[in-house]
Amino acid sequence: MVLPDQPETSAALLAEEDFSPLAELGVAPERRSLVRRLLRFTGIAALVVYFGFAALVLALRFWILPQIEERPELITQAISRNIGQRVSIGGVDSGWQGLRPYLALTELKLWDKEGRVALSLPSVSCTLSWDSLVFGSLRFHSIFLDKPKLNIRRDPAGTVYVAGVKLNTEDTGAGFSDWLLAQREVIVRDAQVSWEDQLRQAPLLSLADVNFVMHNRGSHHRFALRAQPPRELAAALDLRGDLEGRTFEQLQAWNGKLYAEFAYTDLAAWRAWIDYPLEIRHGQGGLRLWLGFADKRLEEATADVALGSISARLAPELPLLEMRSLQGRLSAKRM
């Protein structure tokens with residue numbers, strides 16, 4: 001038997017290339033070498049990232065997290081540096097939720113500029129986010145607060161303080177509030193919140209059974225809040241928001257929509273804290289309200305109302321309007 005002659009090496013390689021996956025994908029012969037090098041580089045980079053991530057997880061599990069448990073001042077320094085306020089922690093416990101490190105903080109205290117305790121939390125649960133590696137700052141995938149007590153105050157000059165921390169300020173920055181907007185999820189359960197408005201000289205308003213959820217994705221913020229005002233004012237409050245904004249230092253650039261619902265409310269009783277666009281003397285019933293705003297002003301409003309015993313004045317020069325009941329939808333839009 002006479003065997004056929006072996007083909008030349010270049011011809012064999014050409015035949016091999018013609019039937020390679022790159023040829024089937026339609027890659028031109030002169031580009032296949034470059035594509036092979038890119039694929040090889042991508043594979044090596046993927047292996048480096050994989051083993052680097054595995055090494056980081058092992059370091060967190062067996063070295064960094066045990067260090068944090070033994071030295072809670074490490075996490076306090078990181079939080080203080082990010083929010084610009086002094087923070088103290090009584091103890092730290094660590095674990096894992098899937099592939100994310102988990103921290104349980106006890107006796108967390110936030111101090112104001114005068115050295116007083118502005119907020120005290122007996123228990124805080126945090127799940128760290130891998131975004132911290134990208135942005136170089138401490139970020140959490142989830143923050144859970146259980147039964148905190150929070151005071152919000154507006155002083156006679158109109159400056160708002162949340163737990164003793166100035167919220168709208170130009171000289172010190174937004175600090176804690178902007179840091180909070182950078183966290184992916186914030187959950188508050190069974191809180192007590194008080195609103196003290198010294199600018200209006202209004203009575204202290206206390207909300208009980210406050211449950212709050214906020215999700216942040218860049219400049220997009222969504223939240224839901226349910227709370228129980230004093231019984232003489234209203235039934236449970238349901239408040240939701242879908243907002244766009246990057247920083248509290250530029251509130252004029254924010255826009256979005258708010259929704260509020262009261263199964264029952266006494267509209268006249270809220271006059272101590274709210275400025276109505278018309279004079280309301282009496283009015284009780286249910287209310288659902290949609291608000292759209294931009295550039296720090298109200299742009300549109302829609303209200304579904306079912307009210308009784310109404311007494312109101314639509315304008316100062318108009319006579320008093322009294323109705324036994326009012327049901328329907330009211331809408332207004334700035335033109």
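The values are calculated or read from the model by the stated rules, or taken from the named source; none is laboratory data. Since the model is a prediction, treat every value here as computed from it, not as a measurement. Every residue, glycine as well, gets a Cβ built from its backbone with ideal geometry; the counts of neighbours run over all protein chains shown. Side chains are part of the model used for accessible areas, which takes the heavy atoms of the whole protein and leaves out ligands, DNA and RNA. Shrake-Rupley method; radii C 1.70, N 1.55, O 1.52, S 1.80 Å.
Structure above, values below:
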read-out: Failed criterion for Asp131 (all others in (1) over 17 Å from Val186 (Cα atoms); (2) modelled with pLDDT under 80; (3) among the acidic types (Asp, Glu); (4) surrounded by 13 or more Cβ atoms within 10 Å (Cβ to Cβ) hold); value: (1)
read-out: Residue in segment 313-324 that is without any contact (Cβ under 8 Å) to a residue 12 or more places away in the chain and closer than 17 Å to Glu232 by Cβ present; value: no
read-out: Residue check for Val213: hydrophobic (A, V, I, L, M, F, W, C), open to solvent by less than 40 Å² (accessible area, probe 1.4 Å) and either modelled with pLDDT of 90 or more or in contact with an Asp or Glu (Cβ under 7 Å, 6 or more places away or on another chain) (or both); value: no
read-out: Residue match in segment 216-232 (condition: in contact with a helix residue (DSSP H, G or I) (Cβ under 7 Å, 6 or more places away or on another chain), charged (D, E, K, R) and open to solvent by 20 Å² or more (accessible area, probe 1.4 Å)); value: yes
read-out: Matching residues, segment 161-192, being at pLDDT 85 or above and either at positive phi or outside any loop (DSSP other than H, G, I, E, B) (or both); value: Glu185, Val186, Ile187, Val188, Arg189, Asp190, Ala191, Gln192
read-out: Residues of segment 103-119 classified as surrounded by fewer than 14 Cβ atoms within 10 Å (Cβ to Cβ) and not in a loop (DSSP other than H, G, I, E, B), total; value: 1
read-out: Matching strands (runs of 3 or more DSSP E) fully within segment 193-279 where at least 1 residues are free of Cβ contacts under 8 Å to residues at least 12 places away in the same chain, farther than 24 Å from Phe140 by Cβ and among the aliphatic types (A, V, I, L, M); value: none
read-out: Hits in segment 226-246 (condition: more than 16 Å from Leu287 (Cβ to Cβ) and in contact with a Phe, Trp or Tyr (Cβ under 9 Å, 6 or more places away or on another chain)); value: Gly241, Asp242, Leu243, Glu244, Gly245, Arg246
read-out: Residue count, segment 194-210 (criterion: open to solvent by less than 30 Å² (accessible area, probe 1.4 Å) and out of contact with any helix residue (DSSP H, G or I) (no Cβ under 6 Å at 6 or more places or on another chain)); value: 4
read-out: Failed item in (1) closer than 29 Å to Thr127 by Cβ; (2) open to solvent by 40 Å² or more (accessible area, probe 1.4 Å), with Trp254 passing the rest; value: (2)
read-out: Test for Leu326: is it over 30 Å from Ala253 (Cβ atoms), in a strand (DSSP E or B) and of a type in the set (A, V, I, L, M); value: yes
